[in-house]
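The values are calculated or read from the model by the stated rules, or taken from the named source; none is laboratory data. Small disclaimer: the values here were computed from a predicted structure and weren't measured. Here the Cβ is made from the backbone with ideal geometry for all residues, glycine too, and neighbour counts use every protein chain on show. Protein only, heavy atoms only, side chains kept; ligands, DNA and RNA dropped before computing areas. Shrake-Rupley method; radii C 1.70, N 1.55, O 1.52, S 1.80 Å.
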Amino acid sequence: MGKSANGTGIGVAADLTAGDLVDAVRKGWRDFLARPQYGFFFASFYVLVGAGLYYLLMVRGETRWLIAAVAGFPLFAPFAAVGLYEVSRRLERDLPTSWGTILGALRGRGDEQLLLMGGIIFVGFSFWVIIAHTIFAIFASAAGLGEGMAFLTSQMGLTMLAVGGAVGAVIAFVFYAITLMSLPMLVDRDVDFITAIITSFKTLSANFGVLLLWALVIALALFAAILPFFLGLFVVLPVLGHATWHLYRRAVS
């Protein structure tokens, strides 16, 4: 594995390829089949919350805040996968798995570093909701069509969705860069969250093309999984979570 120093004493690969992504997905699928109960458990929260947001948006017509919430919902996907990282870590090392050990991983290694990362993600989500709400309010006011579905399907509404989508994509990519390697690293090692974030950025910088492709794969897979009323997330979210663990293991030494 080609390595480059990242300034923290931790080596990161500089030679990731598309083949590594395929291998990570293959191993992620294997881990999911080995312990599907954990994948279904963690995905169920995502599915239930997503279905609730969809109901409020499409049935109740609560658009102003809920569009931002629905669009920013995937920001929590990496943190939801922490338990899956622990499953893969234990399978990799032939350690026993139990609900106690897997759920215990959500607390981190007793040093609150994972909780701090969760706080960062929550702050980022709140920041996105405020920005998206502002964009929505500006376009809705300019259109003069209120805030319902009539506005969303108008030309102004479609423009608003395009602008919001572009801004959201930038914010999502920043959080992708922050969490891609840092969250599995905090599950795996006794490091502080700053070191983990630096490692994540360094890995992305050293393998930008391949990891940009991985971000696209994640986005498309999650979008496809959401379409059948979020039910596809029961499989896609666990497989992506396990796959990200194996990509981390390939990239960080």
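Taking the conditions (1) surrounded by 19 or more Cβ atoms within 10 Å (Cβ to Cβ); (2) at pLDDT 85 or above in turn, A140 satisfies each one other than (2). When you check A196 against the structure, is it part of a helix (DSSP H, G or I) and modelled with pLDDT under 90, yes or no? Against the criterion (part of a helix (DSSP H, G or I) and modelled with pLDDT under 90), A196 does not qualify. Scanning the stretch 101-118 for residues that are at negative phi and outside any helix (DSSP H, G or I) turns up R109, D111. Remark: pairs (first residue in the stretch 215-238, within 25 Å of A18 (Cα to Cα); second residue acidic (D, E) and buried (at least 17 other Cβ atoms within 10 Å of the Cβ); Cβ separation under 9 Å; 6+ apart in sequence or on different chains) = P238/D31.
Tallying residues that are open to solvent by 20 Å² or more (accessible area, probe 1.4 Å) and among the hydrophobic types (A, V, I, L, M, F, W, C) within the stretch 224-238 yields 8. Close Cβ contacts (under 7 Å, 6 or more residues apart or on different chains) running from residues in the stretch 78-95 that are over 19 Å from F45 (Cβ atoms) to residues that are open to solvent by less than 10 Å² (accessible area, probe 1.4 Å) and not in a helix (DSSP H, G or I) are absent. Scanning the stretch 17-56 for residues that are modelled with pLDDT under 95 and of a type in the set (G, A, S) gives A43, S44, G50, A51, G52. In summary, F40 fulfils each of the numbered conditions (1) under 17 Å from V252 (Cα atoms); (2) open to solvent by 20 Å² or more (accessible area, probe 1.4 Å) with the single exception of condition (1).
Listed residues S154, S205, S126; which is of a type in the set (S, T, Y), open to solvent by 10 Å² or more (accessible area, probe 1.4 Å) and at pLDDT 95 or above?
S205
Can you spot a residue in the stretch 183-190 that is part of a loop (DSSP other than H, G, I, E, B), open to solvent by 40 Å² or more (accessible area, probe 1.4 Å), over 20 Å from G39 (Cα atoms) and not hydroxyl-bearing (S, T, Y)? Please lay out each step first, then the result.
Going residue by residue through the stretch 183-190, those that are part of a loop (DSSP other than H, G, I, E, B) are 189-190.
This time we only want the ones that are open to solvent by 40 Å² or more (accessible area, probe 1.4 Å), so: 189-190.
Retained after the next criterion (residues that are over 20 Å from G39 (Cα atoms)): 189-190.
Subsequent filtering for residues that are not hydroxyl-bearing (S, T, Y) retains 189-190.
Yes - at least one qualifying residue is present in the stretch 183-190.
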